[in-house]
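Written out below as structure tokens is the structure these notes cover.
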Amino acid sequence: MSEVNPPRAWRNDAVAKVTGRARYADDLKFHGLLHAVPVYTDHVHARLRGVDTAAAAAAPGVVRVITAADVPGSVTFGQILQDYHMLAGDTIRCHGDVVAVVVAETRAAAVAAARLVTVTADPLPAVLDPEEALRPGAPLVHEAHGSNVINHHRVRRGDVAAGFAASDVVVEQAFRTSFIEHAYLEPEAAVAVPRPDGVMEIYGSMQHPFSTRRFTAALLGVPLADVEVRSVPMGGGFGGKDDTAAIVCARAALAARLTGRPVKLTYDREWSVRESYKRHPYRLHYRMGLTRDGSIQAVAVRIVADGGAYCSVTPWVTWRSTVQCCGPYRVPHVACDTYGVYTNNVFTGAMRGFGSPQVNFCIEQLVEMAAERLGISPLEIRRRNMVRQGDTTITGQVLDTHVVSLEQVLDRVVAESDYEAKRARCAHGRADGDELYGVGLAMSYRGMSLGAEGKDFNSAIVNVQFDGSILLETGIHENGQGAESAMVLLLADELGVRRERIRYRQASTSGIPDGGTTVASRGTLMGGGAVVHAARALKEKMAAVLAPRLGCAPGDVAFRDDAVWGPGGARLTVEEAVREMWQAQEYPYAFGVFQGPHVTWDEATGQGNAYFTWVYGCQAAEVTVNRRTGKVKVLGMWAAHDVGRAVNPPMLLGQYYGGMAMGLGYGLTEAVEIKAGRIRSLNFDRYRIPRATDLPEMHADIVENPDPLSPSRAKGIGEPTNELMAPAIANAVAAATGRLYCEQPVRVDPAELAAGAEPGSKEEAPCS
């Protein structure tokens, strides 16, 4: 941070949000605005014979009732496979499918009329278990696809049979994780406005405006240029406002196109939970072979992910799980097979962590199981096997382009949590009173940005105005995480100007190229890289013009302290420098692009340089477990992550704390309740996110090893802090109770404690 921008807590949108002036999608109003609502059925899998809309269309205030038959473009779309039916046509594939949209003068009228739509359908056999969906003869969710397998990823390294033969101990365990709701504060909302020039203008709560544009253009049957998506403040996403949010926007646009009037479509919580995609539930089976000294020799793992009724981004999520299936450890012999599978459950997609929380929950418990079997400490087994500088990952990638800081973050957490002293106090099922005490930790490395699952690049525009004020725009979307603020701070630092000069421009899909979705903790890394490149291009352009005035060569021009300087003390204010540019007929404008460094992948063998850089992290948790009630109380949580460079430290800490809190929910309280394909936990009275009273004091340690492959030297933190707390808590509960918990969330049955194994034997709690 330069001297003109002293470090302090700062967000460019803070005042608007805390004063209530920020306008979210549902706050927007336009003349002649109509309201739309979705129509569902109670079927989970059925052949759709007819949708009777006559009664609804005749209801008071109703303007139109829309079905798949009214779609002028393609009713199906998707990011990878175009299998999502934005309005169900011939088949209902899950309980969240929408069969019609009612458009009325008021929301109340639309809701009332929606109840009048009737559906005729023939029930079909539903497949709700992903293992059953893989069996020959199972009902097909998408008959045209030919099977229920969405994707199959693999890793093949070394000789697994030889690795197990060379092992002295083999540890084997099955694990299960559950469907998880994103639980964003603001449900999906969209406003579509047909413009006089023929363009459909979209405002919505979404994470990826360009994805929304693609879904909308497909449904309307128009070119991308005929849809403009504008960003508005968003009340949370956590990965959950891509596909579903885009589809909600597309339906609003369809209603606006067919009625010729602006249309608002705002979801209530029950609609949102029913229809929106979830974090994938996984079934995992691990075998790990080790020598007596604790060196891991071989790992074999089979992962089955429930993709639900539609593909969404299941191949990308499960690819990351495959790459990181062995955690941050050296393993010479690996066989991993990961399947994404169609079922008739709610579909699954991106959520904070993107395939890492599931495998980390397993592998970090598995290494502690192995340590217990071998009679060595959890720290010793990790130090013996963790990746270090120059090591090779299970996919054959040599870690030599950045600082491999796994030991550094582990040491920080161990020291700051006083882990070793607390470990000696763990109950292991023995205690004089009712409270069993435990401490646990977990660590990971996380590949940053998209990796080899996509082409990764981003852009930024820096446009200096005649008065010295600056407009900034990037291809990164503000999801509420402070991305705009980080971009402003990076630009201010690179140009040496006051951050107050910079106005982050409201983004539009018609104003900047598609920079990819703001997921995978790539916002600061990719968007920030583009900002730095744009700023450097601008400085080079300005230096060439201003050097004669400053009496120096262009290479000697410096930008600092809110001015432009020559080596002899000659100085131009920013305003003077801009006027010089205009006099020279040169625009003080630059377009910057950051292209992610080259990555590789061989799908047949699962070998390659999967990501161009990695974040290393460690987290710990301290708990008590009441042996009479089974209640787990978290007493403290610690985290250390190597973020490369901390651009906005106070906001960075907010990402730590938010991720740790969500991780606690994943570990202890959260699971979507589904019965016969129908979600029962449709609101927060039945879906249990952590309360403030559940959260202990949280300790965050920012580790900085500037990344040479990042133009800003920053990496990211949005997801790494979310993926480790659950296994740390699970390990702490195991240290307290003497039992292992292989299902997420961890639920302690006091009856099992009372009737279970001899204390300290680490008996496994049964996986259902």
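The values are calculated or read from the model by the stated rules, or taken from the named source; none is laboratory data. Quick caveat: nothing in here was measured; it's all calculated off a predicted structure. Positions of Cβ are backbone-derived with ideal geometry, glycine not excepted, and every protein chain shown enters the neighbour counts. SASA here: full protein model, heavy atoms, side chains in, ligands and nucleic acids out. Shrake-Rupley method; radii C 1.70, N 1.55, O 1.52, S 1.80 Å.
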Checking understanding here: applying a Kyte-Doolittle mean of at least 0.0 and a length along the axis of at least 15 Å (C-alpha), which whole DSSP H helices in the chain pass? 209-220, 243-259, 356-374, 406-417, 483-495, 528-550, 649-668, 725-737
Using amide H atoms built in the peptide plane, which far-off residues or other-chain residues are under 5 Å from R64 H to H? V103
Based on the mean of other Cβ atoms within 10 Å per residue, sort peptides 78-86, 688-696, 118-126, 254-262 so the most packed one is first. 254-262, 78-86, 118-126, 688-696
Compactness relative to 2.2 N^0.38 Å, alpha carbon Rg of the range 47-176: 1.64
Which FRET efficiency, nearest 0.05, do A108 and E673 yield, Cβ-Cβ r, R0 35 Å? 0.75
Once neighbouring chains are kept in place and the probe is 1.4 Å, which whole percent of the accessible area of the chain is contributed by carbon and sulfur? 51
Give the span of the range 1-40's Cα atoms along each principal axis, as three whole-Å numbers ordered largest to smallest. 55, 27, 16
First measure r as the distance between the Cβ atoms of S469 and A22, then evaluate 1/(1 + (r/R0)^6) with R0 = 22 Å and state the FRET efficiency to the nearest 0.05. 0.55
Tally Lys and Arg at +1 and Asp and Glu at -1 over the other residues with C-beta under 13 Å from the C-beta of Q465: what net charge comes out? +2
In debye to the nearest 20, the charge dipole size for the chain, taken about the Cα centre with +1 at each Lys and Arg Cβ and -1 at each Asp and Glu Cβ, equals 700
So, with points 7 Å from each Cα along the Cβ direction, the A431-R579 label distance in nm works out to 7.4
Diffing the range 52-68: the Karplus 3J(HN,Hα) column from phi (6.51, -1.76, 1.60, θ = phi - 60°), in whole Hz with x for Gly and Pro, holds 8, 10, 4, 5, 5, 5, 8, 6, x, x, 7, 9, 6, 10, 10, 10, 4
5 Å binning of all Cα-Cα separations within the range 88-145, expressed as whole percents from 0 upward: 4, 14, 20, 17, 14, 10, 8, 7, 4, 1, 0
On alpha carbon coordinates alone, what is the Rg over Rh value for the range 337-496, Rh being the Kirkwood radius? 1.08
What distance in nm separates the simple spin-label points at I689 and H31, each placed 7 Å from Cα in the Cβ direction? 3.9
Computed label-point distance, nm, for sites Q595 and T291 using a 7 Å Cα→Cβ extension: 4.4
Scoring only Lys, Arg, Asp and Glu (+1, +1, -1, -1) among other residues with Cβ under 9 Å from the Cβ of R627 yields -1
14 Å Cα-Cα reach of K264 towards aspartates and glutamates, excluding residues that sit fewer than 8 places from it in its own chain: D26, D27, E105, E188, E201
Inter-part distance where the range 576-649 and the range 399-455 are each reduced to a Cα centre, Å: 19
Residues with amide H under 5 Å from that of A671, placed H, sequence gap 5 or more: R688
Among 149-159, 322-332, how do they line up from the highest to the lowest mean number of other beta-carbon atoms within 10 Å? 322-332, 149-159
Residue-normalised 222 nm signal for the chain, counting each DSSP H run of n ≥ 4 as -39,500 (n - 2.57), nearest 500 deg cm²/dmol, is -8000 deg cm²/dmol
Using r as the Cβ-Cβ distance of Q82 and Y657, and R0 as 56 Å, what FRET efficiency do you calculate, to the nearest 0.05? 0.90
All aspartates and glutamates inside 12 Å of K715 as judged from Cα atoms, apart from same-chain residues fewer than 8 positions distant: D642, E704, D707
Overall dimensions of the chain as given by Cα atoms, namely Rg and Dmax in Å: 27.2, 86
Please report the net charge: other residues with Cβ closer than 14 Å to the Cβ of H402, K and R +1, D and E -1. 0
Provide the percentage of antiparallel DSSP beta bridges, counting only those with both residues in the chain; round to the nearest 5. 75
Show W565, W614 ordered by accessible area, largest first, where the area counts protein heavy atoms only and the probe is 1.4 Å. W565, W614
Built amide H within the under 5 Å cut-off of S147, gap 5+: none
Greater than 29 Å apart at Cα, pairs in K17/K633; K241/K539; K17/K631; K241/K455: K17/K633; K241/K539; K17/K631
Alpha-carbon radius of gyration plus Dmax, which is the widest Cα pair, for the range 130-197 in Å: 22.8, 74
With only Lys, Arg, Asp and Glu charged, each at its Cβ (+1 for the first two, -1 for the last two), find how big the charge dipole of the range 457-595 is about the Cα centre; round to the nearest 20 debye. 80
May I ask for the Rg/Rh ratio of the range 457-595, computed from Cα atoms with Rh as the Kirkwood radius, given to two decimals? 1.00
Taking the solvent-accessible surface of protein heavy atoms with a 1.4 Å probe, what is the per residue accessible area of the range 428-524 in Å²? 31
Quick one: compute a quarter of the convex hull surface over the Cα atoms of the range 232-285 and quote it in nm². 5.2
